[in-house]
1. In this structure, does B:Arg41 turn out to be crowded, with 16+ Cβ neighbours inside 10 Å, within 11 Å of another protein chain (Cβ to nearest Cβ) and at pLDDT 90 or above?
2. Every residue in region A:23-38 that is within 10 Å of chain D (Cβ to nearest Cβ) and either more than 18 Å from B:Asp72 (Cβ to Cβ) or small (Gly, Ala, Ser) (or both), please.
3. Restricting to region B:97-113, name every residue that is more than 12 Å from the chain's Cα centre (by Cα) and within 14 Å of chain C (Cβ to nearest Cβ).
4. Please specify each residue of region D:50-63 satisfying the condition of being among the basic types (Lys, Arg) and either facing another protein chain (nearest Cβ under 8 Å) or closer than 28 Å to C:Val35 by Cβ (or both).
5. Go through region B:1-24 and give me each residue that's within 20 Å of C:Phe25 (Cβ to Cβ) and surrounded by 24 or more Cβ atoms within 10 Å (Cβ to Cβ).
6. Can you tell me how many residues within region D:134-143 are touching a residue at least 12 places away in the same chain (Cβ under 8 Å) and over 16 Å from the mean Cα position of the chain (by Cα)?
7. Does region C:17-28 contain any residue that is in a helix (DSSP H, G or I), under 16 Å from the mean Cα position of the chain (by Cα) and at pLDDT 95 or above?
8. With the requirement that a residue be more than 13 Å from A:Leu40 (Cα to Cα), assigned to a helix (DSSP H, G or I) and of a type in the set (D, E, K, R), what does region A:116-143 give you?
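The values are calculated or read from the model by the stated rules, or taken from the named source; none is laboratory data. A quick note: this is a predicted structure, and the numbers were derived from the prediction, not measured. Cβ coordinates were reconstructed from backbone atoms using ideal geometry, including for glycine residues, and neighbour counts include every protein chain displayed.
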Number of protein chains: 4
Amino acid sequence: MTTILYKAKYRVYWSETDAAGIMHFSNHFRVCERVEESFLRSLGFQYTAGSRITFPRVHAECDYKAPLRAGDEYTVAITGVELGRSSVTYKFSIYNESLGREAARCVIVAVAYDNIERRPVELPAECRSAIENALRELETEQA
Amino acid sequence: MTTILYKAKYRVYWSETDAAGIMHFSNHFRVCERVEESFLRSLGFQYTAGSRITFPRVHAECDYKAPLRAGDEYTVAITGVELGRSSVTYKFSIYNESLGREAARCVIVAVAYDNIERRPVELPAECRSAIENALRELETEQA
Amino acid sequence: MTTILYKAKYRVYWSETDAAGIMHFSNHFRVCERVEESFLRSLGFQYTAGSRITFPRVHAECDYKAPLRAGDEYTVAITGVELGRSSVTYKFSIYNESLGREAARCVIVAVAYDNIERRPVELPAECRSAIENALRELETEQA
Amino acid sequence: MTTILYKAKYRVYWSETDAAGIMHFSNHFRVCERVEESFLRSLGFQYTAGSRITFPRVHAECDYKAPLRAGDEYTVAITGVELGRSSVTYKFSIYNESLGREAARCVIVAVAYDNIERRPVELPAECRSAIENALRELETEQA
């Protein structure tokens with residue numbers, strides 16, 4: 001059984017497709033980020049421009065398993081979150097609801113970066129504890 | 001009073017912003033199209049790749065009134081639809097809910113285009129009548 | 001004869017197409033902005049994030065005349081620039097070189113905006129004079 | 001010494017940046033694809049919409065090392081190509097010329113897919129031999 005920490009449902013917009021009639025492979029990273037934003041907002045956080053600490057991505061990868069076509073409904077689920085000293089690793093599964101198949105699995109790693117000191121820094125404490133709480137609640141629910 | 005034929009609410013995703021911290025002006029056209037797709041789906045239509053008849057845009061314009069920032073919630077409303085022989089003209093209003101201000105007004109004109117005959121053709125009858133019904137229902141509600 | 005103030009040649013990238021096999025209509029605005037950036041860079045200016053004065057767009061419009069397909073080579077020409085007190089109006093023509101046809105005509109209006117005072121301001125003098133010089137040189141060439 | 005099979009130089013366009021002032025991480029995949037298209041065109045191939053054989057991506061990954069900011073000039077180099085039965089694996093290095101630093105390393109795997117039989121198929125022979133020739137020429141040059 002896959003643990004789902006957070007999920008949201010979307011449609012493939014026409015502007016996200018390419019000439020092969022499917023969602024362009026770069027957009028899978030955008031929809032994963034979309035869910036991450038939504039997840040963090042649910043915990044009380046929001047990326048804002050001009051912050052001292054931002055979360056640039058240091059790694060992103062995706063395995064594509066089935067196409068997403070214009071109009072297809074799909075769910076993006078966060079299936080795992082791992083916290084390092086300054087990094088957050090998210091695992092995602094994209095499920096094509098219209099097709100009844102998993103469309104992709106993706107991993108994105110972000111690091112807390114101090115734009116004044118210009119180096120990675122420890123994850124802000126309130127961000128770390130909010131995510132840890134979310135993980136703990138999930139464990140309790142599943143116990 | 002502005003007539004609202006159809007509307008949907010979204011968030012500004014991080015990937016839609018630019019280095020000025022606001023939604024890139026090209027993305028307003030994408031979110032208008034997004035609502036158009038949703039409106040047509042509500043009437044039983046869906047753009048599909050490989051169709052004989054597609055709906056390329058012949059005109060698009062937008063007046064920008066206030067910024068949309070990452071995370072802002074906004075409503076895109078279709079405030080008018082006009083049917084020509086082969087054209088559909090949509091009018092949109094984008095309202096920034098987080099800011100409490102209208103963000104933009106846009107107009108998009110699409111034409112029914114036959115990809116085999118390679119010329120504009122009359123709007124498909126079922127498309128025309130579905131939109132006309134939607135307009136009529138709205139009038140009745142407002143009467 | 002159309003005056004051409006500045007122009008650049010590009011290819012339609014696969015990621016810029018949509019499921020109809022053509023460049024998505026929102027991308028025409030992006031390629032016009034691309035040429036504007038290149039034009040301003042040729043005059044010694046560059047948009048930078050975090051500037052006090054930025055140039056948000058207040059109006060954008062495009063008339064689409066012929067499709068741009070994946071791989072097509074096209075030229076984007078600035079065919080006119082008009083300077084207001086705080087605004088710059090650019091006119092563009094996009095010519096599909098592979099097809100031998102004009103693909104679109106676009107107009108984009110930007111205003112100088114002071115991000116601290118949060119209001120439109122007069123065009124920075126050095127920006128105004130650089131553009132005026134470029135326009136004057138063109139007239140001389142054509143005389 | 002890194003082998004460079006093919007390379008091209010670009011600028012970061014304003015529309016490719018996000019609210020952190022840097023090229024959005026999803027766009028690195030687009031610029032890699034851009035170079036792949038250019039490489040294949042140099043060999044006489046072009047992706048076209050509606051082809052029976054298309055090349056959907058089955059895997060994409062990127063390690064981000066340094067930011068690309070609006071206006072930065074950068075080179076995307078294909079540093080390796082591996083041919084499987086139906087797959088092509090590309091390795092890319094993105095070098096920020098303005099900063100004098102490598103910005104990212106990416107890997108993209110595409111497979112030849114038959115849209116009628118709806119399954120991966122052997123790489124088209126002329127595609128395989130054109131790429132093999134390019135690799136062979138490179139070896140000869142370096143010998």
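1. Taking the combined requirement at face value, the residue does not satisfy it.
2. Restricting attention to region A:23-38, the residues satisfying the condition of being within 10 Å of chain D (Cβ to nearest Cβ) are A:24-33.
Selection gives A:His24, A:Phe25, A:Ser26, A:Asn27, A:His28, A:Phe29, A:Val31, A:Cys32.
3. Filtering region B:97-113 for residues more than 12 Å from the chain's Cα centre (by Cα) gives B:97-104, B:111-113.
Within region B:97-113, B:Leu99, B:Arg101, B:Glu102, B:Ala103, B:Ala104, B:Val111, B:Ala112, B:Tyr113 qualify.
4. Matches in region D:50-63: D:Arg57 only.
5. Those that are within 20 Å of C:Phe25 (Cβ to Cβ) and surrounded by 24 or more Cβ atoms within 10 Å (Cβ to Cβ): B:Asp18, B:Met23, B:His24.
6. Number of matching residues: 2.
7. Yes: one or more hits.
8. A:Arg136, A:Glu137, A:Glu139, A:Glu141
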